[in-house]
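Here is the structure we will look at, set down as structure tokens.
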Amino acid sequence: MRNLKKPFLLFIQILLIALAAGAAGASEITVIATVDKNEATLDDYIILKISVQGTREEPALPALPDFRIQSRGSSSQFRIINGQMSSAVEYNYILYPQKAGTFTIGPFAVKHKGSKVKSKPITVKISKTTPQAKQSEDIFVVAEVDNENPYHYEEIIYRFKFYRRVKVANARLTESPAFEGFLTEDLGKEKEYQKVINGQTYLVTELRQALFPTKTGVLKIEPSTLQCDVVVKKRGRRRGFFDDPFFDDSFFGFSETVPKILRTSPITVMVKTLPTAGKPAGFKNLVGEFSLNGKLSTRKLEVGESVTLTLTLAGIGNLKNQQTLDIQGLQNFKVYDDKPVFETQLKGGKVGGKLVLKKALVPLTEGQLQIPPVTVSYFNPSSGSYTSLKAGPYLLDVVPSSDDEKFQVVESVKKSGIKQEVKILGHDILPVHTSLEALSARRLRPLSLTAALFFLLPVIGFVCTFSIKRSRERLEQDRGLIRFKQAHKRFSKALPLIKSALTQDDPLFYQRASKALKDFIGDKLNIAGSALTPKELERRLPEYNVPAETVKAVTDILEFFDSGQFGFTKHSVEEREAVFKSMKKMINSLNRKIKRK
């Protein structure tokens, strides 16, 4: 019997497989689609089940643009009825409606032997949820703004609120508004608090954003969508000791979660145009309420030193739009702007901030100079009018430099505003007489000497004048030649002093490097190097056939030295070393390219 048992069981299994295969091959292909409900709201969802019998081919889903689809897997079933075996696969989906209306779902089809087998279509109706209906539910969401009729660029606050008085899990925002037509600013982390509605206490989570409309007219804020799982008791469970809320946790198996989708209503905002009456010149769409303060680091300084003007614009509104403050009428100053520093601040539940701008001003001439006032205009939505703020004017007492060797970056400016060339007014070395005839004894004849001088005086005068002129020209040419030939040597002697200040966190490196560079070029061109400016170099160097790219490199390096001494930019040691190396290479290049005229 034991020997016959195994072959018998094997025969039974083969027979069953053959019957099943024959039944499957002979069974009819069917596709059946069902939904758990034909009417729902935008805050609801629909469970779709598609049962496919006679094949394991997954049905193709048609386009459903009015729903968001989430797959929940599949399950297989086998049945034997009246000796006939059948198999079916059930595919499960969750449909989240995206808008209200009546829609047709399906048909759903599978391919079989070159043809399609389809299900019957299903009609569903989706309706909106009214705020009154929401507030009678255990869980709902609301979106609102504090002002639906703001001015252009006026700040409004958008609030998304999630109300619930049941347990939820995995709450997440699946769709958020794009806020098209608005600038947005996050107002920090969400807030949680409790609120009583119709005698029921809700736990509320609130998200806030500041919005600044950049367009006028009608703007629409799209709905926000939140998806979560609501914890509910399992159906059919008897009441008793385990009704205690402690056992509602799914850990004990007495509760389950049901997916829930919540959606806010769209919001329409009507944006008003800013009034044209009273609009100041130079208005830059600054809307809110602000204050302006200015401060000078000193009121008295020497020519070539810098003074720092600090301007602070603070308040509530679209302050990020104002990235600079202009000062007109600074012809007697060289200006170095620092990078604006903006600090976001919250006040009264609205966003604003503080904008700090610093300007380093280097006076180009001595005397009592005036820094013109700085004016900023803004529109105040509360009063419906424009307001102008003013800081300054400021007076500076600029005295001559006390150190003749101090590094200078200023231009020589006359009251007429016209720069004059440097002129040589005299020489320290006078002509030396080397003739021996001046020492020999001579007998003087008054009459003949007087007559000779009378006739020869014009000739002697002309000869002396011509000789002196030629002597001065030769001396001047010789001095320029000496400067030209010794320019690179003088620069090389200055390198150790420049390098010793390279790692120091003070302006000494920039002063020494800039002076050495200007002196080198001045010696090569036979002009005063301390008076050279980037514009002067751009004009003069091309006259000596210096390429444009080399001229640009020279001016860039000088601007680097100026910004390091008078500006606010902090350069690292690596940056200073790189510029130092570039300057040495450039000096070698200029030494070869500049030819004496």
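Residue 20 meets the conditions (1) modelled with pLDDT of 60 or more; (2) under 18 Å from residue 89 (Cα atoms); (3) outside the structural domain of residue 97 (by TED's automatic domain parsing) in every case but one. The failed one is (1). On the basis of being assigned to a helix (DSSP H, G or I), without any contact (Cβ under 8 Å) to a residue 60 or more places away in the chain and of a type in the set (Lys, Arg), does residue 515 make the cut? So residue 515 fails the test.
Looking across the stretch 146-187, the residues that are under 17 Å from residue 288 (Cα atoms), among the acidic types (Asp, Glu) and in contact (Cβ under 8 Å) with a residue 40 or more places away in the chain come down to 148, 154, 155, 185. Within the stretch 179-207, the set of residues being of a type in the set (Asp, Glu) and exposed (fewer than 11 other Cβ atoms within 10 Å of the Cβ) comprises 192 only.
Taking the numbered list (1) surrounded by fewer than 16 Cβ atoms within 10 Å (Cβ to Cβ); (2) modelled with pLDDT of 85 or more; (3) among the hydrophobic types (A, V, I, L, M, F, W, C); (4) in a loop (DSSP other than H, G, I, E, B) in turn, residue 546 passes all entries but (1).
Just one of the listed residues (584, 518, 535, 552) is among the basic types (Lys, Arg) and surrounded by 18 or more Cβ atoms within 10 Å (Cβ to Cβ), namely 518. Selection of the stretch 217-247 for residues being modelled with pLDDT of 90 or more, exposed (fewer than 14 other Cβ atoms within 10 Å of the Cβ) and under 27 Å from residue 204 (Cβ atoms) yields only 220.
Of all the strands (runs of 3 or more DSSP E) wholly in the stretch 278-352, which have at least 1 residues that are surrounded by 19 or more Cβ atoms within 10 Å (Cβ to Cβ) and aromatic (Phe, Trp, Tyr)?
Working: elements: 288-296, 300-302, 307-317, 333-337, 341-347.
So the answer is 288-296, 333-337.
Evaluating residue 502 against the criteria (1) at pLDDT below 90; (2) part of a helix (DSSP H, G or I); (3) among the hydrophobic types (A, V, I, L, M, F, W, C) leaves one unmet condition, (2).
The values are calculated or read from the model by the stated rules, or taken from the named source; none is laboratory data. Please read these numbers as outputs of a predicted model, since none were measured by experiment. All Cβ positions, even for glycine, are placed from backbone atoms using ideal geometry, and neighbour counts span all protein chains on display.
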